[in-house]
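A short reminder: the numbers here are calculations on the coordinates, not readings from a lab. Nothing here was measured: the structure is a model prediction, and the numbers come from that model. Here the Cβ positions follow ideal geometry from the backbone for every residue, glycine too, while neighbour counts run over all protein chains shown.
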Amino acid sequence: MKQFRSAGRESPLDDLADDQVLTEHEAPLRHMLDRELAAVVKDAIQELPPLQREALILFEYEGLSLAEVAAVVDSDVGAVKARLHRARERLRNSLRPYLNSNREIVTLKEA
């Protein structure tokens, strides 16, 4: 989407390649795979140490700023940043089989 914004226009769905649109038979499979991945991510998050899990959930899922997370957990912003970094590293390692070529977790927000 970023490339469309930088070009100054948005592309209608008709302009998308046919292989990017799910067929009627692929949609249920995609849904099942998304649910399976969400469960794997949820389990990986549950395996994090409590302080890392708390920081990650507040920042990534609750949408709090670093300062807000620090206030909630009664810590400083530097400690929150360190916890987030360690949590992301652990998740990256445990979810390595599910990473795409850009090294981003596919549909992390669905967990």
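Could you quote the convex hull projected area for segment 25-110, Cα atoms only and averaged over all directions, in nm²?
The number I arrive at for segment 25-110 is 6.0 nm².
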Computed FRET efficiency, Cβ-Cβ of E26 and D76, R0 41 Å: what is it to the nearest 0.05? 0.30
Expected sort for 47-58, 74-85, 30-41 on mean C-beta neighbours within 10 Å, highest first, is 47-58, 74-85, 30-41
